[in-house]
Amino acid sequence: MSKTVLFWRRTDLEGLERLELVVGPDGVAVQSAVISLEDGGLRIDHRWQLDADWRVQSVLVERWNARDHQTVRLERSAAGWRVDGSSRPDLDGAVEPDLSVTPFCNTIAIRRLWRTQAPSLTLDVACINGSTLEVARSSQRYERQAPDRVRYVDLGLSRGFEADLMVDEMGLVLDYEHLFERVTRERASEPG
């Protein structure tokens, strides 16, 4: 079993994420907290359970801001996805969840792309909007650029958005063009 702690900084606004990733023989557990000035200031905690093939089994998202506290839970079911315990037929065919406030979910799709020999992978996702916790179906494409670089293309809710993602050997994002960068001890101590 291995445990990794990662930090990402938002590059489009003030925000920071701390994520714990535990990889064991039976699966992957993720626990994370995001603090951001987005939407007047918010905190989002998210917890993921994945199987040994990095397929999401469930994700729980909790969101706090000055106005309220909300939660949403997605769980894989035989027919597709359940949201807060209720079947969501509109999400049938969505391969994995995606949460807008973290680059972690890109890792799931990137690892799926790496298991193929294809130059790209298009998949439907159950997209969780970090500002509202609404869940909607969307579509994305990941294009292989180099062993450590993937191009992300949104084909759904944010159609037209594209970004290059630099990743490490596990497929975890180092740099997400326009949005996130991994914070290391060296980067944290760099002047302004």
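The values are calculated or read from the model by the stated rules, or taken from the named source; none is laboratory data. Worth saying up front: this structure is predicted, and the values here are computed from it rather than measured. In this analysis, Cβ positions are derived from the backbone assuming ideal geometry, glycine residues included, and neighbour counts consider all displayed protein chains.
Miscellaneous remarks
- Counted residues, region 21-40 - those being surrounded by fewer than 13 Cβ atoms within 10 Å (Cβ to Cβ) and outside any strand (DSSP E or B): 4
Each row is one residue, and each column tells you yes or no for (1) over 25 Å from Leu42 (Cβ atoms); (2) more than 16 Å from the chain's Cα centre (by Cα); (3) surrounded by fewer than 15 Cβ atoms within 10 Å (Cβ to Cβ).
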residue: Arg112; (1), (2), (3): yes, no, no
residue: Leu121; (1), (2), (3): yes, yes, no
residue: Ile128; (1), (2), (3): no, no, no
residue: Glu134; (1), (2), (3): no, no, yes
residue: Ser139; (1), (2), (3): yes, no, no
residue: Glu143; (1), (2), (3): yes, yes, no
residue: Val150; (1), (2), (3): yes, no, no
residue: Leu165; (1), (2), (3): no, no, no
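- For region 147-169, residues that are within 23 Å of Trp54 (Cβ to Cβ), out of contact with any strand residue (DSSP E or B) (no Cβ under 7 Å at 6 or more places or on another chain) and either β-branched (Val, Ile, Thr) or modelled with pLDDT of 95 or more (or both) total 1.
Yes or no, residue by residue, for (1) out of contact with any strand residue (DSSP E or B) (no Cβ under 8 Å at 6 or more places or on another chain); (2) more than 25 Å from Leu13 (Cα to Cα); (3) without any contact (Cβ under 8 Å) to a residue 12 or more places away in the chain:
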| position | (1), (2), (3) |
| --- | --- |
| Gly40 | no, no, no |
| Trp54 | no, yes, no |
| Glu62 | no, no, no |
| Arg73 | no, yes, no |
| Arg82 | no, yes, yes |
| Arg88 | no, yes, no |
| Thr107 | no, no, no |
| Arg111 | yes, yes, no |
